[in-house]
Amino acid sequence: MNIAVAPPTTTPYLEVDNLSKVYASVDGPVRALDRVSLQQRRGEFVSIVGPSGCGKSTLLMIAAGLASRSEGRVLVEDRLIEAPRTDLGIVFQNHVLLEWRTALQNVMLQAVARKMDMKVAEKRARELLAAVGLGGFENKYPGSLSGGMKQRVSICRALIHDPPHLLMDEPFGALDSLTRDQLVLDLQRIRAERSTAVLFITHSIAEAVFLSDRVVVMTPRPGKIDRIIDIDLPRPRTLAMRESPEFARYSHEILEVFLARGVIKE
């Protein structure tokens, strides 16, 4: 069944204001982010693309409250973020599953940490696993699961407490193309049912265009926002849309930014 995504709200949920990050190194200060400003609305899917080392993951970690900022501010619903946030879920490229726990038990770790009602949490965990095609795999250990299955478990763990905000740092980067396609569709479907805001880091232009309401294109280090592109494609999106002229136009617009910046050289 196709479920349409509720449109994002118009007021900012996440606000990144003039954010900079400077790291110390043996060769002197390294500016990873330089005066980045960005707003994300509740329920909006925003992807960030850019070359390696441009500060994409640093931006995500600061937005999560897991890394400090050098300058600027990050606010969630007008609240300054100065500590790890509890209102979100995070998915990394590495699934970070505990090998001695089953798929269901790994998903439930989040529920235990948050002191959720265990009966309610287990019901939700089983529903999430079924939604990503892992019904019947609840009692399997990570060692018997493929890379894509492990990442599905990781996504379920991030969503069990129904967070309004999901941060994803190249979650499909280590997967083969067929598995990536399936997980992109799984993510679209799960998000449609909950209208979760997603901040998504990726190197894949096609992935960003397919999933996003807006794509943020970053420059090489020090990372700045070069362009923000609104993606006006109907939802739910299908893999066949990737062959459409509209999809190609958005992809080409992003590619042109990288060509102009010398990130990609022909």
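If the condition is being without any contact (Cβ under 8 Å) to a residue 24 or more places away in the chain, touching a strand residue (DSSP E or B) at 6+ places or on another chain (Cβ under 9 Å) and among the acidic types (Asp, Glu), then region 222-243 contributes only ASP230. Can you find a residue that is farther than 26 Å from SER204 by Cα, buried (at least 22 other Cβ atoms within 10 Å of the Cβ), among the aliphatic types (A, V, I, L, M) and touching a Leu at 6+ places or on another chain (Cβ under 7 Å) anywhere in region 99-106? Within region 99-106, one or more residues are farther than 26 Å from SER204 by Cα, buried (at least 22 other Cβ atoms within 10 Å of the Cβ), among the aliphatic types (A, V, I, L, M) and touching a Leu at 6+ places or on another chain (Cβ under 7 Å).
Screening the candidates THR102, THR86 for the property of being of a type in the set (Ser, Thr, Tyr) and under 16 Å from PRO164 (Cβ atoms) yields one hit, THR86.
Test of understanding: among VAL184, VAL198, which residue is β-branched (Val, Ile, Thr) and in contact (Cβ under 8 Å) with a residue 60 or more places away in the chain?
Of the residues listed, the single one that is β-branched (Val, Ile, Thr) and in contact (Cβ under 8 Å) with a residue 60 or more places away in the chain is VAL198.
Filtering region 207-228 to residues that are aliphatic (A, V, I, L, M) and crowded, with 19+ Cβ neighbours inside 10 Å leaves ALA208, VAL209, LEU211, VAL215, VAL216, VAL217, MET218, ILE225. Total residues in region 64-86 satisfying the condition of being touching a residue at least 60 places away in the same chain (Cβ under 8 Å) and touching a strand residue (DSSP E or B) at 6+ places or on another chain (Cβ under 6 Å): the figure is 4. Just to be sure I understand, how many residues within region 36-82 are more than 25 Å from ILE231 (Cβ to Cβ) and basic (Lys, Arg)? The number of residues fulfilling the criteria is 3. Selection over region 141-173 of residues that are in a loop (DSSP other than H, G, I, E, B) and either in contact with a His (Cβ under 9 Å, 6 or more places away or on another chain) or crowded, with 18+ Cβ neighbours inside 10 Å (or both) gives a count of 7. For region 51-98, the candidate set comprises residues that are hydroxyl-bearing (Ser, Thr, Tyr) and farther than 24 Å from VAL153 by Cβ; within that set, the residue that is surrounded by the most Cβ atoms within 10 Å (Cβ to Cβ) is THR58. Restrict the check to region 224-240 and report whether at least one residue is modelled with pLDDT of 95 or more and in contact with a Cys (Cβ under 9 Å, 6 or more places away or on another chain). Yes.
When restricted to residues that are assigned to a strand (DSSP E or B) and under 16 Å from the mean Cα position of the chain (by Cα), region 33-90 contains 12.
Any idea which of ASP176, ASP181, ASP186, ASP230 is closer than 27 Å to SER37 by Cβ and of a type outside the set (A, V, I, L, M)?
Result of the check over ASP176, ASP181, ASP186, ASP230: ASP230.
The values are calculated or read from the model by the stated rules, or taken from the named source; none is laboratory data. All of these numbers come straight from a predicted model, not from anything done at the bench. Using ideal geometry, Cβ is built from the backbone for each residue, glycine included, and neighbour counts are taken over all protein chains shown.
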